[in-house]
Every structure is written in structure tokens, then in C-alpha cells.
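Beneath this line is the structure, given in C-alpha cells, with notes to follow.
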Amino acid sequence: MRLTPLSALKKTVAALTQLPCRFCLVGGHAASLYRSQERFTRDVDFAVVASPKVKSRAVAEKAIKALGLKPVVGVTPLGKNEPKRPVVWMISSEPAPQELTGLVDILLPEVPWVPEAVERAQSNVLNLGFADVPVITPEDLILAKCLSAANEPDRFQDLDDIKQLFKDVKDLDIDYLRRRLHELSLVIPEAVRAFGSGSLAEG
């Protein structure tokens with residue numbers, strides 16, 4: 001039976017829960033939990049930090065295999081001025097026939113925002129109806145979207161998520177967000193800067 005995004009979400013949570021790691025839901029499914037209007041996404045995205053951390057890739061591959069899918073090195077966009085990455089940032093599932101991308105993506109600790117985001121998500125556990133699941137905080141999701149937009153500036157979904165997170169989440173930790181933007185050398189994309197500039201400028 002072909003996996004749907006919902007069944008892949010449930011099975012990936014079940015698989016990761018049994019493995020020696022900390023994880024959290026990220027990407028479009030996480031964004032929909034914070035947005036006033038849910039958005040469509042067929043990808044299921046997680047971030048993983050294994051114990052020990054060097055085994056994160058093996059854990060990600062094992063989780064994807066538990067779904068009956070083949071793990072492959074995922075494609076993450078590179079900015080024009082960004083050097084070729086010497087390490088793997090993501091493990092994805094092999095695309096199904098006639099599909100361009102895999103159904104499940106698991107981001108590894110080599111992605112700059114992942115380790116702290118996964119740690120903070122352990123205190124942000126949300127009930128998704130089928131299980132209590134650690135979910136990336138809205139602040140870390142903004143950081144993730146800023147990095148993605150820096151690498152691929154015209155990606156509408158990332159820009160729209162940033163805009164909606166600033167509009168819909170009323171209690172953002174602006175001090176944390178400001179600090180992490182600086183630490184990760186990220187900026188709010190110009191196309192949506194107006195939605196967050198007021199809050200970030202305060203203090």
C-alpha cells in the first residue's frame with residue numbers, strides 16, 4: 001500500500017520513538033500547526049539528533065527503512081556564493097515512480113539550526129491526535145525558513161511561512177530569535193521583512 005503523508009508522519013514518529021535519538025517535526029506540517037490557515041504539503045520533515053550525535057545519519061536511514069522506503073542522500077539547495085558542502089545535511093526517501101522528491105526528509109545535526117532546535121522542541125510537545133510529538137518551536141521554524149530562503153530566495157512557501165508565523169504567533173521569543181539570527185548569520189528575507197521588522201527592532 002502506498003504511503004500517504006499522514007501515514008508516513010505516523011510511522012516515522014513511531015520509528016524515531018524507538019531509536020536512540022531526539023527528534024522533532026519540522027517543515028510544512030509544523031508550520032501548519034502555527035498558521036491561522038493550514039497549507040498543503042506532501043513532504044514529511046523531521047530533524048534528528050542521535051545519541052551519540054555521529055550516529056544521526058544511521059538513525060535517519062533506519063527510520064526511513066522502517067517505513068519500507070529506501071534512504072538516499074537528500075538534496076538541499078546551495079546558495080550562489082555557498083561552497084559545496086563536505087558533509088550530508090539530510091537523508092530523504094527515494095522518490096516514488098513519477099515523483100520528483102521523496103516523501104520523508106530527515107535533517108541531520110550538520111544543519112546549523114538543528115541541534116538547538118531539537119533540544120528546545122523537547123519542551124514543545126504537541127498532541128497531533130495520534131501521539132504526543134516534539135514539534136519545532138515557531139522561533140526555530142523561522143530560523144529554518146530563513147536559511148532555506150537564503151539558499152533558494154524565490155521559494156514562495158518559505159517566504160509565506162515566515163510571514164504567517166510573524167502574523168499568527170503572538171508570543172514569539174524575540175530576544176531568542178534576534179540572538180540566533182546573529183549567531184547563524186541569517187537575516188529575515190527582504191520580501192517579508194516588514195512583517196517582523198517591528199518586533200525585531202524593539203529593545
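Residues that are farther than 17 Å from residue 107 by Cβ and in contact (Cβ under 8 Å) with a residue 24 or more places away in the chain within segment 19-34 comprise 20, 33, 34, listed in sequence order. For segment 91-203, the helices (runs of 4 or more DSSP H) that sit wholly inside it and include 2 or more residues that are loosely packed, with under 14 Cβ neighbours inside 10 Å are 156-168, 174-183, 193-201. Taking segment 19-70 as the range and being more than 20 Å from residue 87 (Cα to Cα), loosely packed, with under 14 Cβ neighbours inside 10 Å and of a type in the set (Gly, Ala, Ser) as the test, the residues that pass are 36, 68.
Summed over segment 16-40, residues that are part of a helix (DSSP H, G or I) and either touching a Gly at 6+ places or on another chain (Cβ under 8 Å) or of a type in the set (S, T, N, Q) (or both) total 2. A Cβ distance below 8 Å, combined with a sequence gap of six or more or placement on separate chains, defines the contacts here; from segment 35-59, residues that are free of Cβ contacts under 8 Å to residues at least 24 places away in the same chain reach residues that are in a helix (DSSP H, G or I) in the pairs 38/32; 40/28.
Throughout, read-outs are computed from the coordinates displayed, never taken from laboratory work. Everything numeric here is computed off the predicted structure, so don't read it as measured data. No Cβ is skipped: glycine too gets one built from the backbone with ideal geometry, and neighbour counts run over all protein chains shown.
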